[in-house]
Amino acid sequence: MILLLNGPNLNLLGEREPDIYGRTTLAEIEKMVVDACAGWTVQVKAFQSNHEGKLIDFLHEHRKAAKGIILNPGALTHTSYALHDALKAVPAPAIEVHLSNIHAREGFRHTSVTAPACRGVIAGLGYRGYILAAEWLCAESGALPRDPTRRKGQ
Ligand code: DQA
């Protein structure tokens, strides 16, 4: 199972500061991630919350089944040591995704306290960052391509 987690304010994607975050809604992004994983024997479980503790509870609940995590923590990126520690408690690799290039914005966004608990970070590529993260996780998570002719050694 691949977990797709989105933090505070990302439920408003599409209408929230579209010049920065784009016009694609979260529902559309979730569908694109499901589609990106459709060729692999892996399920996607999506969750969004505006509450730090709910994101942490979701990670705990799925920590054993998770084969990979795609996470946009929103502003919790810059503050949440608790989310950092929760990511560390899950063995599956996590990829942090930001729609905007956080390094090219206000100073408080330049630091991610959650990124050190992640395998990689994608920032500034808009909604496509989520798709790239999904493709990497599918290829690396041990999931098999659904098309048996694409399986290694065949
Ligand atoms: C964000 C960047 C954060 O700084 C901001 O608080 C967000 C969205 C992004 O996707 O670019 O809510 O994570």
Subject >> Lone unmet requirement of (1) surrounded by fewer than 13 Cβ atoms within 10 Å (Cβ to Cβ); (2) assigned to a loop (DSSP other than H, G, I, E, B); (3) at pLDDT 95 or above for Pro116 >> reply: (2)
**OP:** Within region 117-154, work out how many residues are more than 17 Å from the chain's Cα centre (by Cα) and on the phi < 0 side of the Ramachandran plot.
**Re:** 11
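Would you call Lys45 in contact (Cβ under 8 Å) with a residue 40 or more places away in the chain, among the charged types (D, E, K, R) and touching a strand residue (DSSP E or B) at 6+ places or on another chain (Cβ under 9 Å)? Working first, answer last.
On the way: in contact (Cβ under 8 Å) with a residue 40 or more places away in the chain: yes; among the charged types (D, E, K, R): yes; touching a strand residue (DSSP E or B) at 6+ places or on another chain (Cβ under 9 Å): yes.
It is true that Lys45 is in contact (Cβ under 8 Å) with a residue 40 or more places away in the chain, among the charged types (D, E, K, R) and touching a strand residue (DSSP E or B) at 6+ places or on another chain (Cβ under 9 Å).
Here is a check on your reading of the model: is Thr77 polar (S, T, N, Q), modelled with pLDDT under 95 and not in a loop (DSSP other than H, G, I, E, B)? Lay out the reasoning, then the answer.
Values: polar (S, T, N, Q): yes; modelled with pLDDT under 95: no; not in a loop (DSSP other than H, G, I, E, B): yes.
Criteria not met by Thr77.
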**OP:** Would you be able to tell me the number of residues in region 48-80 that are within 16 Å of the ligand (Cβ to nearest atom) and in contact with a Lys or Arg (Cβ under 8 Å, 6 or more places away or on another chain)?
**Re:** 2
Original post:
Quick one: what pairs do we get from region 9-36, first residue farther than 17 Å from Glu135 by Cβ, second of a type in the set (Gly, Ala, Ser) and within 15 Å of the ligand (Cβ to nearest atom), C-beta under 6 Å, 6+ apart or different chains?
Top reply: Asn9/Gly74; Leu10/Gly74; Ile20/Ser100; Gly22/Gly126; Arg23/Gly14; Thr25/Gly14
**OP:** Evaluate region 49-60: report whether one residue or more is farther than 14 Å from Asn6 by Cα and over 13 Å from the mean Cα position of the chain (by Cα).
**Re:** yes
Original post:
So His103 fits all but one of (1) out of contact with any His (no Cβ under 6 Å at 6 or more places or on another chain); (2) without any contact (Cβ under 8 Å) to a residue 24 or more places away in the chain; what number is the exception?
Top reply: (1)
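Look through Ile95, Ile69, Ile29 and report the one residue that is at pLDDT 95 or above, in a helix (DSSP H, G or I), crowded, with 16+ Cβ neighbours inside 10 Å and within 12 Å of the chain's Cα centre (by Cα).
Numbers: Ile95 fails: in a helix (DSSP H, G or I); Ile69 fails: in a helix (DSSP H, G or I).
Step by step, each of Ile95, Ile69, Ile29 is checked, and only Ile29 is at pLDDT 95 or above, in a helix (DSSP H, G or I), crowded, with 16+ Cβ neighbours inside 10 Å and within 12 Å of the chain's Cα centre (by Cα).
Within region 122-146, can you find the residues that are within 11 Å of the ligand (Cβ to nearest atom) and free of Cβ contacts under 8 Å to residues at least 60 places away in the same chain?
Applying the first criterion (within 11 Å of the ligand (Cβ to nearest atom)) to region 122-146 yields 122-127, 129-130.
Ile122, Ala123, Gly124, Leu125, Gly129 - these are the residues of region 122-146 that are within 11 Å of the ligand (Cβ to nearest atom) and free of Cβ contacts under 8 Å to residues at least 60 places away in the same chain.
The values are calculated or read from the model by the stated rules, or taken from the named source; none is laboratory data. The shown structure was predicted, so the numbers you read here are calculated from the model rather than taken from an experiment. So basically every Cβ, Gly included, is an ideal-geometry build from the backbone, and we count neighbours across all protein chains shown.
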